Amino acid sequence: MTESAIPTEPIGSIPRTEELVRADKEFREGRIGLEALNDVADRATSETIREFEKTGSPVISDGEQRKYGSFAFYCLHGADNLAPDGVEVGFSDGHSRQLPRLTEGPFRYTESADGYLESALKQTRTPVKQAVISPSLLSLIYPGDGIVDYPRERFMADLVREHVGEVRRCLDAGAHTVQIDFTEGRLAVKLDPSGELLRSFVALLNAGLESFTDEERARLGVHTCPGGDWDATHSADVDYLDLLPALFEIDVGNFYVAMASEKDPGSALQRIGTLIRPGHRVFIGVTDAIDPRVESPGEVRDRVVAAAEFIPPAQLGTTDDCGFSPFADDQSTSRELAFAKIRARVEGTRLAEDALGSA
């Protein structure tokens, strides 16, 4: 099945090593400094890359070991113009995560994902993808009542510039693909059923994507899922059909769509089949990142074959539904479980290639 081989990629995060979880807590409590924390994270990154390579995954990540706090606000780590009382996001088990609030301008990244990527690329010959946070999620840190001498229009211009710069540096550094994490897409429908918030998010993403060529956008993608934190979600109750039309208006080549955890994947896959355009590739989730059960390779194969009824195999890929630990302190999933699911994804994708090639 050489002509229609199905690519497979991870989403990003792997549960942090126990040493790193301890070090991060000690850093936040002021018991160790940033240099000591970075040293532990470097060891965790090297260990994660070695384990990732053993899964046979043709594309890997660094497991986001250096994204302190979460997948969302790594780029603001250590910033001195934030307050902790921003927008609150609730999860299905009753817990919540609170976003920071910008207190003054200008808005600037304090860290950039290309630094993580460059470090990872020095440690492996396997292609490395890099996930970056979306400007739409970061837009939520600007307070509703504004900031004196820093109007929202200036903030948004700074936000897009920072995002575009990060993505371009990741491309230039040699990322296999750059994935924009857009977990707030489905959440936007929940927060605003009118769809206005979702449309504004898509417009913001496309404002940044205008800076890239068609060839560059073919290496860019967006990831959507209902959230994942301590085995809970923030928007799984939102119908995918309310998100998908807007999602496929985002001007990228790759779409990473959580699907293994869906109660009715068939209707979502059928809708995707009507929305994809030439040049699109849809990576469907074939492993549920918050389910403690490890999927069998055969189960993965069957999910891919089912998806191929609606999505041409030449435009199909596989992935995990979500990162396995988007928030650094989430220890609900073990590293061993995460890598077992990745191995199942890789092997199951190979089985699907064989099945579809002989169909």
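The values are calculated or read from the model by the stated rules, or taken from the named source; none is laboratory data. Every value quoted in this text rests on a predicted model; they were computed, and no experiment measured them. Cβ coordinates were reconstructed from backbone atoms using ideal geometry, including for glycine residues, and neighbour counts include every protein chain displayed.
Here are some notes:
- Residues of the range 163-208 classified as farther than 25 Å from residue 325 by Cα and not in a helix (DSSP H, G or I), total: 4
- Among the residues of the range 96-107, some residue qualifies, meaning at least one is assigned to a loop (DSSP other than H, G, I, E, B) and exposed (fewer than 14 other Cβ atoms within 10 Å of the Cβ).
- Answer residue from the range 217-248, given it is within 25 Å of residue 177 (Cα to Cα) and of a type in the set (Phe, Trp, Tyr) and is surrounded by the most Cβ atoms within 10 Å (Cβ to Cβ) among those: 240
- When the residues of the range 137-156 are filtered to those that are acidic (Asp, Glu) and in a loop (DSSP other than H, G, I, E, B), the one that is nearest to residue 198 (Cα to Cα) is 145.
- Some residue of the range 37-60 being buried (at least 17 other Cβ atoms within 10 Å of the Cβ), free of Cβ contacts under 8 Å to residues at least 24 places away in the same chain and either out of contact with any strand residue (DSSP E or B) (no Cβ under 6 Å at 6 or more places or on another chain) or part of a helix (DSSP H, G or I) (or both): yes
- Among the residues of the range 212-258, those that are modelled with pLDDT of 95 or more, assigned to a strand (DSSP E or B) and over 14 Å from residue 188 (Cβ atoms) comprise 220, 221, 223, 254, 255, 256, 257.
- Number of positions in the range 179-200 that are touching a helix residue (DSSP H, G or I) at 6+ places or on another chain (Cβ under 9 Å) and closer than 18 Å to residue 131 by Cα: 6
- Scanning the range 179-210 for residues that are more than 25 Å from residue 233 (Cβ to Cβ) and either at pLDDT below 95 or of a type in the set (A, V, I, L, M, F, W, C) (or both) yields 203, 207, 209.
- Exactly one residue out of 287, 333, 349 is out of contact with any Gly (no Cβ under 8 Å at 6 or more places or on another chain), farther than 23 Å from residue 183 by Cα and of a type in the set (S, T, N, Q): that is 349.
- Selection from the range 273-287 of residues that are under 17 Å from residue 9 (Cβ atoms) and hydrophobic (A, V, I, L, M, F, W, C): 282, 283, 284, 286
- Residue count for the range 65-94, restricted to those that are among the charged types (D, E, K, R) and in contact with a helix residue (DSSP H, G or I) (Cβ under 8 Å, 6 or more places away or on another chain): 2.
- Selection status of residue 251, among the charged types (D, E, K, R) and surrounded by 21 or more Cβ atoms within 10 Å (Cβ to Cβ): no
- Neighbours by Cβ (under 9 Å, 6+ apart or cross-chain): first from the range 267-284, on the phi < 0 side of the Ramachandran plot; second basic (Lys, Arg): 284/303
- The residues of the range 108-136 that are part of a helix (DSSP H, G or I) and within 17 Å of residue 163 (Cα to Cα), listed by number, are 113, 114, 115, 116, 117, 135, 136.
- Selection from the range 254-273 of residues that are hydroxyl-bearing (Ser, Thr, Tyr) and buried (at least 22 other Cβ atoms within 10 Å of the Cβ): 256
- Residues of the range 18-36 satisfying the condition of being farther than 23 Å from residue 112 by Cβ and not in a helix (DSSP H, G or I): 29, 30, 31, 32
- When 224, 233, 213 are screened for being of a type in the set (Ser, Thr, Tyr) and touching a strand residue (DSSP E or B) at 6+ places or on another chain (Cβ under 8 Å), only 224 passes.
Every residue, every condition in (1) in contact with a strand residue (DSSP E or B) (Cβ under 8 Å, 6 or more places away or on another chain); (2) modelled with pLDDT of 95 or more; (3) under 28 Å from residue 185 (Cβ atoms), yes or no:
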| position | (1), (2), (3) |
| --- | --- |
| 319 | yes, yes, yes |
| 330 | yes, no, yes |
| 333 | no, no, yes |
| 343 | no, yes, no |
| 347 | no, yes, no |
| 354 | no, no, no |
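- Hits in the range 282-332 (condition: under 16 Å from the mean Cα position of the chain (by Cα), in a strand (DSSP E or B) and not aromatic (Phe, Trp, Tyr)): 282, 284, 285, 286, 287, 317, 318, 319, 320
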